[in-house]
Amino acid sequence: MTRVHSLVCAAALVLCAAGCKPEQPFDPENPAVGPGGLVGDGTPITDGNFAGGDDVLPEPRAVAPPDDTRPPDCDGDCDAFCAQAGLKNPVNRGLCQSLWGVGLAPRPIDEEEACRRLFIDMVGHVPTREEMTQTCSGGWGATVKRLLDDPRFVEVNQRRMADEFLYANEVVNFQAIYDMDRLVGKLYRGEIPYDLFATVAAAHPVLTRRVADPRDIVEALYRHFLGRPPFENERADMARLYATWHHGYYDHPYLNMRLPDAFVRFPCVNEDGEPDPQREGECTSVLWGYNPLVFTPDFRAARDPQTNQLVMWSGLLTPDEWERAEIPGKILAKDLAFWEHAVEVVLEQYLGYNLGQQIPEVREELVKFLLANNGDIRSVHFAVATSIAYLQSNAGASSARYRWTYGPLKQMDAEVWLDSLAQHTGLKTASCDHRIPQPEAFLESGSLNAYRVLEHSKWRFNDEGEIDTSYSDVARTLGGCPENVVGGRFKVVSILTTATQLNFVNEVCNPAQDDRLRSAPIAKLLPSGMDARKAVTSDLAGQIAAYQYRALVGHEPTQEELAEAKDAGEQCALTRCSAEEFARPLCFALMSSAQMLFY
């Protein structure tokens, strides 16, 4: 992937020693500044047509399956069975010797359950029955391909990466956060390979400004991309490459705000600004070959008034200088463990557990698949989402010891839950923006440009012109919309979260028909054309229930669920209740049920 050989125009926002002025005014709609703009030209690195989406799955081999007293043991006959199975999906190939080849069977899954799971994981909301019919057809390969091409797939993973790197505009310049978000978007649109993403991220201000000390930066880098802390020799050696980074602030000329950002300092030069042979070793890594990283000051540098050291804003680095600063990422990307961790992250994202550690053959097959697809991380998402490890039910009976013999069961993220409720019931809600977790400073600045940044973000304003926090207040109680200053996202089931969820569902469905609540319009809770004042009968209750199951929960009601709704309709008819009086409590029951919290 070639680099764009031009500076980001907004890099000239900082005052430079020569008195230069910005080439262009600040753009509140596109404020990103950083190395993410220097890679990827919008051309996908693969065509996105990945193999293995529709494997014909074998029947378990006719042998006695292992029990809880012994691990699966694949003998020669098992190896031959799997070699002849014709499996193209890398997860299925890696699983065969621990599943079908040893006589174990996965749990069957129906199309509705699988489609609902795919929607939640890949585009971040519970689908309606209509969405499922439109999308989940033509085989699982075609279904997952449609979801990969959906812009919401990129948005879901941008939010996930915001959690990973703990975006916090109190600590990092929001323009750098926007740039990192842009870089993540390129990764999940298939415009850059995973190793190039990691290389750029290794020197990105979202990392180098977010973490205080060079040794701690190395620790964070290793955890992000190798899934482990560095050994002490690795930490000490690579920390020399981060000695050049310095934490600082600058006054933004268009926002009336002082922004935190990463600066470059020059610890290994002499008083004349030339490389100092006596100190050059302090900026040179030798554990993975000879890798010096010595920057020399020029007219772009200025003295820090607090330390009297020469420093330069990172936004003024040239593309060649950014590429030199990315040496740590290039070092890590040469390690097999780098690619192994990349696929393990995706496995855990979809399955809720690390299948690659339990069955190394799955990890090995996925790494080969990712490399064969030019490092396009979407290929791993495709492989996992179309595999039998994912597309099997979590309900039923099988050995509890072998985790890969039943499907995932996970708790929804707060935003997925809130957005699904609002979308399906027609309730208008606010939002939060993972790129600006602390938006208040923009209003406090009094700058029109700062206000316009928020206006073009995902944040919304209330009638008083203040940030509408009605959405984020609920989400943060449930662990979503994290501020990321101290802690990040969390998931928990507790009295507080349950009360918060029930209170929000009560506001949405309004079973008591309280006029003070901003509840969902009744037209969204009833079949099309049904009069809200119509008297309820058993059959009418069944129609309302069937509609709400399809529209709100995303599946057809079972015979048992339909029978319960009709029985409730008969009881409701005794009090001459209306369709609305039946529909709103039913909405509350469905929206507060376990199937809307776990999937």
Subject >> Total formal charge among the other residues, if their Cβ is under 13 angstrom from that of Arg452, Lys/Arg +1 and Asp/Glu -1 >> reply: -3
Original post:
So what is the 222 nm mean residue ellipticity for the chain from helices alone, if each DSSP H run of at least 4 adds -39500 (n - 2.57) and you divide by all residues, rounding to the nearest 500 deg cm²/dmol?
Top reply: -12000 deg cm²/dmol
Original post:
Of Lys524/Lys566; Lys145/Lys334; Lys534/Lys566; Lys491/Lys566; Lys428/Lys524; Lys410/Lys458, which sit over 24 Å apart, Cα to Cα?
Top reply: Lys145/Lys334; Lys491/Lys566; Lys410/Lys458
Original post:
By its C-alpha gyration tensor, with a ≥ b ≥ c as the square roots of the eigenvalues, how is the range 418-495 shaped: rounded for a/c under 1.5, else prolate for a/b larger than b/c, else oblate?
Top reply: oblate
Original post:
Sorted from fewest to most neighbouring beta carbons within 10 Å, what does the list Phe461, Phe295, Phe504 look like?
Top reply: Phe461, Phe295, Phe504
**OP:** Enter the angle in degrees (range 0 to 90, nearest 10) between the Cα long axis of helix 559-573 and the first principal axis of the Cα atoms of the chain, meaning the one along which they spread out most.
**Re:** 70
Subject >> DSSP bridge pairs, the chain: antiparallel proportion in percent, nearest 5 >> reply: 95
**OP:** Arrange the following residues from fewest to most other Cβ atoms within 10 Å of their Cβ: His434, His204.
**Re:** His434, His204
Subject >> With Cα atoms, 0 to 90° folded angle of helix 336-351 axis to the chain main axis >> reply: 30
Original post:
Using alpha carbons only, how many degrees (0 to 90, rounded to 10) separate the axis of helix 111-123 from the longest principal axis of the chain?
Top reply: 30
Subject >> Lys/Arg +1, Asp/Glu -1 at C-beta; the range 398-531 dipole; positive extreme among Leu421, Asn462, Asn449 >> reply: Leu421
Original post:
For the chain, what does the alpha-carbon gyration tensor say about shape, rounded, prolate or oblate, given a ≥ b ≥ c as the root eigenvalues, a/c under 1.5 as rounded, and a/b over b/c as prolate?
Top reply: oblate
Original post:
If you keep only loop residues by DSSP, which GluC sites (Glu not before Pro) in the range 228-304 have at most 11 other Cβ atoms within 10 Å of their Cβ?
Top reply: Glu271
Original post:
Can you tell me the Rg and Dmax of the range 503-596, counting just the alpha carbons, in angstroms?
Top reply: 12.2, 36
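What trypsin sites (Lys or Arg not before Pro) does the range 520-579 have in DSSP loop regions with at most 10 other beta carbons within 10 Å?
Loop-located and lightly packed - Arg533, Arg576.
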Subject >> Loop GluC sites (Glu not before Pro), the range 116-191, which have at most 16 other Cβ atoms in a 10 Å radius of their Cβ (DSSP) >> reply: Glu170
Original post:
Using 1/(1 + (r/R0)^6) with R0 = 41 angstrom and r between the beta carbons of Gln438 and Ala142, what's the FRET efficiency to the nearest 0.05?
Top reply: 0.45
Subject >> Zero-based 10 Å bins, Cα pair distances in the range 389-439, whole percents >> reply: 20, 28, 24, 21, 8
Original post:
Cβ under 15 Å from Pro106's Cβ, Pro106 left aside: what net charge do those residues give with Lys, Arg +1 and Asp, Glu -1?
Top reply: +2
**OP:** Could you work out the local net charge near Gly42, counting Lys and Arg as +1, Asp and Glu as -1, over the other residues with Cβ closer than 13 Å to its Cβ?
**Re:** +1
Original post:
When Ile327, Ile495 are ordered from fewest to most other Cβ atoms inside 10 Å of their Cβ, what list results?
Top reply: Ile495, Ile327
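All of the numbers you see were taken from the coordinates with simple rules; none came from a lab. Computed from a predicted structure; not experimentally measured. Note that we place each Cβ from the backbone using ideal geometry, even for glycine, and neighbour counts take in every protein chain shown.
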